Amino acid sequence: MAQHHPAVASLLRYFDPTHLPPPLREISEPFSVLAHQLADRGDLDGPELTVALRKLLESKDAAVRAALPTTNGGQS
């Protein structure tokens, strides 16, 4: 595993899908794979990498939330 800048390492911990139940883990895992691929590239670094990871994290969170069961019987 590559040594990451502390800001990058701090963001990567939020991509760990192991705490999620299997259906949500299945949605979250591709985001985790991509986050680690980006962080492990030698040619990406600096503030823009952390911005990219933050936005990817927002996308992952939204996708997981979209898969949660609705509390109002599926009605908007």
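Here Ala66 fulfils each of the conditions (1) modelled with pLDDT under 95; (2) of a type in the set (A, V, I, L, M); (3) loosely packed, with under 12 Cβ neighbours inside 10 Å apart from (1). For first residues located in region 39-51 and open to solvent by less than 30 Å² (accessible area, probe 1.4 Å), partners that are at pLDDT 90 or above and among the β-branched types (Val, Ile, Thr) and lie 6+ apart or on another chain with Cβ distances below 8 Å form the pairs Ala39/Val8; Leu49/Val8; Thr50/Val8.
The values are calculated or read from the model by the stated rules, or taken from the named source; none is laboratory data. From a predicted model like this one, the values you see are computed outputs, not experimental measurements. In this analysis, Cβ positions are derived from the backbone assuming ideal geometry, glycine residues included, and neighbour counts consider all displayed protein chains. Each accessible area value is taken on the protein alone, full model and side chains, heavy atoms only, with ligands, DNA and RNA left out. Shrake-Rupley method; radii C 1.70, N 1.55, O 1.52, S 1.80 Å.
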